[in-house]
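J.: Pasting a structure below so you can have a look.
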């Protein structure tokens, strides 16, 4: 799903986002930043549960689709249906598919076509954009 900024259900001003997020979360979610590889504790979490957007709490991925990509970022082979939106990212002298939360537009990471079966996709996510909610 490709979308534009104005189509997101959750709309906040830049100041409102700054007040509800940490500086690192704001940099990644709202300014399209990237956390350093290997810095997210979520990269090594393999408990059962759901990964939700830090910006709005929307469920994005389940632990069933998480895998160890060896990249240093939490990686998944499939998002929950309707959970993400994508745009074309032409920064860093390359073309990539940028992944956003479909509810608030928060930048989550990028998707690549080098993941495992059954999808062959690797959703390489910034851990700072996610919150892990364990199953009860």
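J.: Determine whether residue 81 is free of Cβ contacts under 8 Å to residues at least 24 places away in the same chain, more than 16 Å from residue 131 (Cα to Cα) and either surrounded by fewer than 20 Cβ atoms within 10 Å (Cβ to Cβ) or touching a strand residue (DSSP E or B) at 6+ places or on another chain (Cβ under 7 Å) (or both).
T.: yes
J.: All but one of (1) within 25 Å of residue 14 (Cα to Cα); (2) surrounded by 15 or more Cβ atoms within 10 Å (Cβ to Cβ); (3) more than 11 Å from the chain's Cα centre (by Cα) hold for residue 65; state the number of the condition that does not hold.
T.: Tallying (1) within 25 Å of residue 14 (Cα to Cα); (2) surrounded by 15 or more Cβ atoms within 10 Å (Cβ to Cβ); (3) more than 11 Å from the chain's Cα centre (by Cα), residue 65 fails exactly one: (1).
J.: Being farther than 16 Å from residue 123 by Cα and surrounded by fewer than 19 Cβ atoms within 10 Å (Cβ to Cβ) is the requirement here; does residue 59 meet it? Explain how you work it out, then say what you get.
T.: On the way: farther than 16 Å from residue 123 by Cα: no; surrounded by fewer than 19 Cβ atoms within 10 Å (Cβ to Cβ): yes.
Considered against the rule, which asks whether it is farther than 16 Å from residue 123 by Cα and surrounded by fewer than 19 Cβ atoms within 10 Å (Cβ to Cβ), residue 59 comes out as no.
J.: Considering each residue of segment 92-135, count those that are in a loop (DSSP other than H, G, I, E, B) and touching a strand residue (DSSP E or B) at 6+ places or on another chain (Cβ under 9 Å), and give that number.
T.: So in segment 92-135, the residues in a loop (DSSP other than H, G, I, E, B) come out as 92-95, 102-106, 113-121, 126, 135.
Those still in the list that are touching a strand residue (DSSP E or B) at 6+ places or on another chain (Cβ under 9 Å) too: 95, 102-106, 113-116, 121, 126, 135.
Going through segment 92-135 one residue at a time, the tally reaches 13.
J.: Moving on to the next point. Go through (1) in contact (Cβ under 8 Å) with a residue 24 or more places away in the chain; (2) in contact with a strand residue (DSSP E or B) (Cβ under 7 Å, 6 or more places away or on another chain); (3) not in a loop (DSSP other than H, G, I, E, B) for residue 17 and report which single condition fails.
T.: For residue 17, the failing item is (2).
J.: Just checking, how many residues over segment 39-78 are more than 15 Å from residue 134 (Cα to Cα), out of contact with any helix residue (DSSP H, G or I) (no Cβ under 7 Å at 6 or more places or on another chain) and in a loop (DSSP other than H, G, I, E, B)?
T.: Here the count works out to 6.
J.: Quickly run through segment 12-31 and pick out the residues that are under 13 Å from residue 105 (Cβ atoms), within 18 Å of the chain's Cα centre (by Cα) and surrounded by fewer than 15 Cβ atoms within 10 Å (Cβ to Cβ).
T.: 31
J.: Moving to a separate point now. Condition (residue is without any contact (Cβ under 8 Å) to a residue 40 or more places away in the chain and more than 28 Å from residue 7 (Cβ to Cβ)) applied to segment 90-98: is it met by at least one residue?
T.: Yes - at least one qualifying residue is present in segment 90-98.
J.: Ok, one more. Could you tell me which residue of segment 82-91 is nearest to the chain's Cα centre (by Cα), considering only residues that are assigned to a loop (DSSP other than H, G, I, E, B) and within 23 Å of residue 48 (Cβ to Cβ)? Full working, then the answer.
T.: To start, the set of residues in segment 82-91 that are assigned to a loop (DSSP other than H, G, I, E, B) comprises 82-83, 90-91.
Then drop every residue that is not within 23 Å of residue 48 (Cβ to Cβ), which leaves 82-83.
Numbers: 82: 13, 83: 10 Å.
Result: 83.
Values in this text are rule-based calculations from the coordinates and carry no lab data. Computed from a predicted model, the values in this text were never measured in an experiment. Note that we place each Cβ from the backbone using ideal geometry, even for glycine, and neighbour counts take in every protein chain shown.
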